[in-house]
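Written below as C-alpha cells is the structure these notes are about.
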Amino acid sequence: MTKFGFDTSEVEVSAPADYSPFPKGEYQLHALEAEEKDTSKKNGTYIKVKFEVVSGPHTGRLMWVNFNINNPSDAAQRIGRQQLVAWATACGKPDATDTDTLLGKSFLANVDIQKGSDGYEDSNTIKSYLMSKKASATSAPKPTEKPTTQVEVVSETPKGANPWD
C-alpha cells in the first residue's frame, strides 16, 4: 500500500474542466504548447497545438488543432502546411521555422464547431486564421494601377413619368 503523504482535507477539489465546444465566431487566441507526434499508422507526422482563448467571455477556454506536416496523402500534407503558414502569418511571423517562435503570440481566428465522429464529441476547430492589418498590408499585392469607377448620376424623374405615379 502506498501512502499519499499529505492531508487530503487540505486539498480543494476543483470542478471538472469544460471541454464542450464554445460558440463559433471570431476569437483572439494564442498557443500554449506544441508537440510533433507520429500519425496513428506511423507513416507521417503532425504538430498538435493547444490554443487558449485570451479575450472575451470565453477567456481561458482551450482547443486543440493538428497540422499534418509529413503525410502520405499529398493533399493532407499540403493543407496542413498551408494552415501552419497561415497561423504563423496571423501571428506576424510568416517566416517562422519552428513552433517556439509562435508560442504565446496572440492572433485572431474564425473558430467553428466540428461534428464529432468515431466516438469523439463535437469540438472547436479553426476555420481560418485572420491576418493582422500590419501583416496583410505587408503581404498584400500592390495594385499596378488604380481602378476607375464610373458612376452615372440620374436626375430626379418628373412626377407622372412613371406608371406607378
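Exactly one residue out of VAL13, VAL65 is more than 21 Å from the chain's Cα centre (by Cα) and among the β-branched types (Val, Ile, Thr), and it is VAL13.
Cβ-Cβ distances below 7 Å connect no pair with a first residue in the stretch 99-121 that is more than 19 Å from ILE47 (Cβ to Cβ) and among the aromatic types (Phe, Trp, Tyr), a second residue that is part of a loop (DSSP other than H, G, I, E, B) and modelled with pLDDT of 95 or more, and a separation of six or more residues or different chains. Scanning the stretch 19-60 for residues that are closer than 30 Å to MET131 by Cβ and among the acidic types (Asp, Glu) yields GLU26, GLU33, GLU35, GLU36, GLU52.
If the condition is being hydroxyl-bearing (Ser, Thr, Tyr) and exposed (fewer than 10 other Cβ atoms within 10 Å of the Cβ), then the stretch 1-45 contributes THR2, THR8, SER9, SER14, SER40. Among the residues of the stretch 75-115, the one identified as loosely packed, with under 14 Cβ neighbours inside 10 Å, farther than 23 Å from ARG61 by Cα and of a type in the set (Lys, Arg) is ARG78. Restricting to the stretch 103-118, and then to whatever is among the polar types (S, T, N, Q) and part of a loop (DSSP other than H, G, I, E, B), can you tell me which residue is nearest to LEU32 (Cα to Cα)? Selected residue: SER106. Being at pLDDT below 95, surrounded by 13 or more Cβ atoms within 10 Å (Cβ to Cβ) and either in a helix (DSSP H, G or I) or of a type in the set (Ser, Thr, Tyr) (or both) is a property that holds for ALA135.
The values are calculated or read from the model by the stated rules, or taken from the named source; none is laboratory data. These numbers were taken from a predicted model, which means no experiment stands behind them. No Cβ is skipped: glycine too gets one built from the backbone with ideal geometry, and neighbour counts run over all protein chains shown.
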